[in-house]
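Everything on this sheet refers to the single structure shown next.
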Amino acid sequence: MFNRYDAWVRSFLLDRERDREFFSYIDDLYDSEEFQSMHQYIQHGEIDRVQHIMSVTYLSYLGAKERGADVRQTLRGAILHDLFYYDWHVAGDGTHRLHGYRHPGFALKNAKRLNPDITEIEQNVIKRHMWPLTPTPPKYKEGLIVSMADKYCAAQEVLIDRFASQKAKFREALAKEKKELGI
């Protein structure tokens, strides 16, 4: 069983050369202008949406391999799970009310535009990733893997934003990982 914290830290250092297999499943989506445009949005604390999504996708990759899930569909759903084009923290005009409940639908609509060949499993991953906040659970194990990875990553992002000790622990772990990778 992989160590989730170490994997989460490692997700900040993903590299196309070092992580060829991982990127082989998602490179077309990762390179899209739509996906890259989300660097402008903060997800939690100082973590932008692209980094959040890549962390979720990487933990989902490891989880799918460990659990015998369809890796390709898990990753393609994971990379699209938060494909919405607004800052959910800005709610002055009321359009982002109930964001936690509504954004999976926005992400799915955008994902279908970006990837017209999206599978039923990938759609379910996106639509159900907010469970258990939303009442209907994922139909497939790929969706459950992404949902749990999303909760774990979000929790870690909030912890490093709110607690200096957690931020220091993260920075130390990141430095150690960089050293081990030779970067």
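What follows is calculated from the coordinates using simple rules that are stated; it is not laboratory data. Treat the numbers as computed from the prediction; the structure is a model and nothing was measured. Every residue, glycine among them, receives a Cβ derived from its backbone with ideal geometry; neighbour counts consider all protein chains shown.
Brief remarks on what is shown
- Sequence-distant aspartates and glutamates (8 or more away, or on other chains) whose Cα lies within less than 16 Å of Lys141: Glu66, Asp70, Glu120, Glu122, Asp150
- Coupling constants for region 28-35 follow from the phi torsions by the Karplus curve (6.51 cos²θ - 1.76 cosθ + 1.60, θ = phi - 60°), and in residue order they are 5, 6, 4, 7, 5, 4, 4, 5 Hz; glycine and proline get x.
- Average Cα contact separation per residue, region 4-181, under 8 Å, 6 or more apart, as relative contact order %: 24 percent
- Taking 0.36 nm per residue of sequence separation and removing the Cα-Cα distance, the Glu66/Lys141 pair yields an extension gain of 25.8 nm.
- The modelled label-to-label distance between Ala154 and Leu133, using points 7 Å beyond Cα along the C-beta direction, is 0.3 nm.
- Cα-Cα over 25 Å, subset of Lys127/Lys178; Lys109/Lys151; Lys127/Lys167; Lys127/Lys151; Lys139/Lys167: Lys127/Lys178; Lys127/Lys167; Lys139/Lys167
- Structure remark: mean-square fluctuation, Gaussian network model of the chain, C-alpha springs under 10 Å; the largest value among Lys141, Lys169, Lys151 belongs to Lys169.
- Largest mean-square fluctuation among Gly77, Gly143, Gly45, in a Gaussian network model of the chain whose springs join Cα atoms under 10 Å apart, belongs to Gly45.
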